[in-house]
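Down below is the structure, laid out as structure tokens.
The values are calculated or read from the model by the stated rules, or taken from the named source; none is laboratory data. Keep in mind that what you see is a predicted model, and the values were worked out from it rather than measured. Here the Cβ positions follow ideal geometry from the backbone for every residue, glycine too, while neighbour counts run over all protein chains shown.
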Amino acid sequence: MSAKSRSRAPIVPYAVWMVLFVIAPIALVLYYSFLDLDRHFTLANYRNFFSSAYLTMTLTSFWYAAIITFFTLLISYPTAYLLTRTKHKNLWLILIIIPSWINLLLKTYAFIGILGLHGPINALLETLGFDPTQMLFTDFSFILVVVYIFIPFMILPIFGSLDKLDRSLVYAARDLGASGWDTFRRVIFPLTISGVKSGIQVTFIPALSLFMITRLIAGNKVITLGTAIEEQFLVADNWGMGSTIAVFLILVMVLIMMATGTSRKGGRA
Amino acid sequence: MKSLIRSSIAVLVACALLFYASYTLNATSNAGGAGVITVYNWGEYIDPDLITQFEEETGIHVIYETFDSNEAMLTKIQQGGSAYDVAVPSEYMVEKMAEEGLLLPLDPSKIPNLAHIDPYFLNLPFDPGNRYSIPYFWGTLGIVYNPNLVPEGLTFDSWQDLWDPALKQKVFLYDGAREVVGMGLNSIGESLNVKDEALLRRATDHLKTLVPNIKGVIGDEITPLMVNNEAAVALTFSGQAADMMAENEDLEYSVPREGSNLWFDNFVIPKTSKNIEGAHAFINFMLDAEVGAQNADYVGYSTPNAAAMELMDEEVVTDERFYPTGEQRKNLEVYQNLGPEWMGKYSEYFMEFKMAL
């Protein structure tokens, strides 16, 4: 065995795994997207995608995913920043991460109780003198629950890059006369942008394809591509159309990975 | 090199385990044969005491498994890995399974208790002559409502009541394409089985005018909401409505007069059966008058078993909400199997409606 093939050998199991469980399923999805109901080759699914409600649906999915990512970032960045400044930062971090170990559906069901007409939030509102309102099945409740679910995933990478940040760079900026805001905008944020980017990846991409929560919390008033795929596979029994939507979802994901991919250039920090 | 071999083995072991798992999952009931039958039914859809009674009377051991959707059941039977002897699909699924050759014809001579079934429920369009199926329970699709939470005078004996301006943000619909689009078709006075683009378009446009009244389109989660007085009006199945009404006595159920869906869950013997005699014995046992009455009491759905109804509480079987009279049944229709092309269209129109929410 030559030195070269020996150095490549360890990649074999990984390659086998990737082909079996990543490439083969995607290839199957692509293959099914060209089949009609009678399993004949067709481009009709793609024509259907561009001519019907699916384009609007893609845009709404994008819109909600963007809002969700924005609010998640808005809460997670300051939280992660404050975490790095606390004394027992790893303990605090663990406390924030623990809820993400609980099954997503369980958390969603918990929110049905919390937000419901007879839930604790409405009980509080009532003691304060407000009329109880049904908070479930609104855009507000949907975004609240999804943001809550994604926060730990966003905090982790941002915390990582903030923690690695060399404090002396911050002191230097302050010494040289930068205000607190200037230091943040021109030193801290640019140096932690890689953490923000991975945070956006792990939030935006799953947010595009959410489906059970859209029904449980939003009462189907929010329709995402995930809902459409579920419907095509399970109700309409049209695997071709379901796969076509999935192909677009995968394409969008690849684009987002590329847009937020951390470049290896620069090599600093 | 060592680590390479180790990780290759890990991959292979993982694959082998997955294959083994899927094999055992598919083969759980391969034990089928003489003395054993496997019954595949919806969850909470039988009185468990009756299974014990059947085992004691016949000496046949029953393996009981449950499913939660017709589609899930179909997939398992299509795969053929499990020896199911009796299954309980809904009417459109009976039609589909018969077309695909997944069912064995029943032998009426081995089911003498068939005589107990009300003739009204036999020889239905989805299975002419009851070649493959016998109805187990039946029901309707209608509106469950809380009279304390809706304006007085609304009785929902017409679909149009859903459009009442006072119900703004109060109506819940069931998350199903056939159910909602079918309701739209009924509300404009059409059949819920139409295969006509123009009518489907009109029904969908009419449904879109209902949007301001709709609070949500959800599934089984509606039960606790209705029980806890958190929801006022919901489109739901009679069986589910009966469950809600058992827990919240204020609730009412109504089937609008313009027409609605009439559904049946039916005993069939799938091709996978390894104990056809036992399957017939089980079906015959369940059709017995006393057994049927006990089961209907337990499950709470409407039974098609006329002999059982005579043994049941008078008040239950004369409740027109759950046992509509012949006159009321006239406008009820059974979902026909539309075929994949039209089913696809129904679900696209349903999607369009949901997008308008």
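Observations on the model:
- Among the residues of the stretch A:176-227, the one identified as in contact with a strand residue (DSSP E or B) (Cβ under 9 Å, 6 or more places away or on another chain) and polar (S, T, N, Q) is A:220.
- Selection from the stretch A:113-159 of residues that are polar (S, T, N, Q) and assigned to a helix (DSSP H, G or I): A:122, A:127, A:141
- For residue B:180, the conditions (1) hydrophobic (A, V, I, L, M, F, W, C); (2) at pLDDT below 90; (3) within 28 Å of residue A:133 (Cβ to Cβ) all hold with the exception of (2).
- All positions within the stretch A:231-262 that are away from chain B (no Cβ under 14 Å) and in a loop (DSSP other than H, G, I, E, B): A:261, A:262
- Which listed residue is of a type in the set (A, V, I, L, M) and more than 14 Å from chain A (Cβ to nearest Cβ), from B:203, B:177: B:203
- Within the stretch B:288-357, helices (runs of 4 or more DSSP H) holding 2 or more residues that are without any contact (Cβ under 8 Å) to a residue 12 or more places away in the chain and within 14 Å of chain A (Cβ to nearest Cβ): B:339-355
- Scan of the stretch B:157-207 for residues that are among the charged types (D, E, K, R) and farther than 24 Å from residue B:328 by Cβ, ordered by number: B:168, B:170, B:175, B:195, B:196, B:197, B:201, B:202, B:205
- Figure legend. Inter-residue proximity from the stretch A:221-248: first residues more than 29 Å from residue A:135 (Cβ to Cβ) and surrounded by fewer than 23 Cβ atoms within 10 Å (Cβ to Cβ), second residues among the β-branched types (Val, Ile, Thr) and at pLDDT below 85, beta-carbon distance below 9 Å, spacing 6+ or different chains. No pairs are indicated.
- The set of residues from the stretch A:81-132 being touching a residue at least 12 places away in the same chain (Cβ under 8 Å), touching an Asp or Glu at 6+ places or on another chain (Cβ under 8 Å) and of a type in the set (A, V, I, L, M, F, W, C) comprises A:112, A:117.
- Selection count, the stretch A:91-125, where residues are among the β-branched types (Val, Ile, Thr), out of contact with any helix residue (DSSP H, G or I) (no Cβ under 9 Å at 6 or more places or on another chain) and within 13 Å of chain B (Cβ to nearest Cβ): 0
- Filter pass, residue B:91 being within 14 Å of chain A (Cβ to nearest Cβ) and charged (D, E, K, R): no
- Residues in the stretch B:187-216 that are closer than 17 Å to residue B:259 by Cβ and part of a helix (DSSP H, G or I): 7 in all.
- Residue among B:247, B:348, B:315, B:252 that is farther than 18 Å from residue B:186 by Cβ and not assigned by TED's automatic domain parsing to the domain that holds residue B:145: B:315
- Count of the stretch B:106-122 residues which are more than 17 Å from residue B:277 (Cβ to Cβ) and surrounded by 11 or more Cβ atoms within 10 Å (Cβ to Cβ): 7
- Failed criterion for residue A:254 (all others in (1) free of Cβ contacts under 8 Å to residues at least 12 places away in the same chain; (2) among the β-branched types (Val, Ile, Thr); (3) surrounded by 21 or more Cβ atoms within 10 Å (Cβ to Cβ) hold): (3)
- Residues of the stretch B:180-199 classified as over 24 Å from the mean Cα position of the chain (by Cα) and more than 14 Å from every other protein chain (Cβ to nearest Cβ), total: 5
- Of the helices (runs of 4 or more DSSP H) contained entirely in the stretch A:31-104, those carrying at least 2 residues that are buried (at least 17 other Cβ atoms within 10 Å of the Cβ), at negative phi and among the hydroxyl-bearing types (Ser, Thr, Tyr) fall at A:54-85.
Results for (1) modelled with pLDDT of 90 or more; (2) farther than 26 Å from residue B:59 by Cβ; (3) of a type in the set (Ser, Thr, Tyr), shown as yes or no for each residue.
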residue: B:263; (1), (2), (3): yes, yes, no
residue: B:276; (1), (2), (3): yes, no, no
residue: B:294; (1), (2), (3): yes, no, no
residue: B:303; (1), (2), (3): yes, yes, yes
residue: B:315; (1), (2), (3): no, yes, no
residue: B:328; (1), (2), (3): no, yes, no
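- For the residues B:153, B:129, the requirement of being under 30 Å from residue B:235 (Cβ atoms) and either among the acidic types (Asp, Glu) or surrounded by fewer than 20 Cβ atoms within 10 Å (Cβ to Cβ) (or both) singles out B:153.
- For the stretch B:228-247, the set of residues classified as of a type in the set (Gly, Ala, Ser), within 19 Å of the chain's Cα centre (by Cα) and within 14 Å of chain A (Cβ to nearest Cβ) consists of B:234 only.
- Selection within the stretch B:129-174 - among the charged types (D, E, K, R) and away from chain A (no Cβ under 14 Å): B:131, B:152, B:157, B:161, B:164
- Residue among A:203, A:138 that is touching a residue at least 60 places away in the same chain (Cβ under 8 Å), in contact with a Phe, Trp or Tyr (Cβ under 7 Å, 6 or more places away or on another chain) and either away from chain B (no Cβ under 14 Å) or of a type in the set (Val, Ile, Thr) (or both): A:203
- Test result for residue B:225, surrounded by 19 or more Cβ atoms within 10 Å (Cβ to Cβ), in contact with a Leu (Cβ under 9 Å, 6 or more places away or on another chain), part of a strand (DSSP E or B) and within 14 Å of another protein chain (Cβ to nearest Cβ): no
- Top-ranked residue of the stretch B:43-90 - restricted to ones that are within 13 Å of the chain's Cα centre (by Cα) and of a type in the set (Asp, Glu), ranked as surrounded by the most Cβ atoms within 10 Å (Cβ to Cβ): B:71
- Taking the criterion of being within 12 Å of chain A (Cβ to nearest Cβ) and hydroxyl-bearing (Ser, Thr, Tyr), the residues of the stretch B:65-88 that qualify are B:69, B:75.
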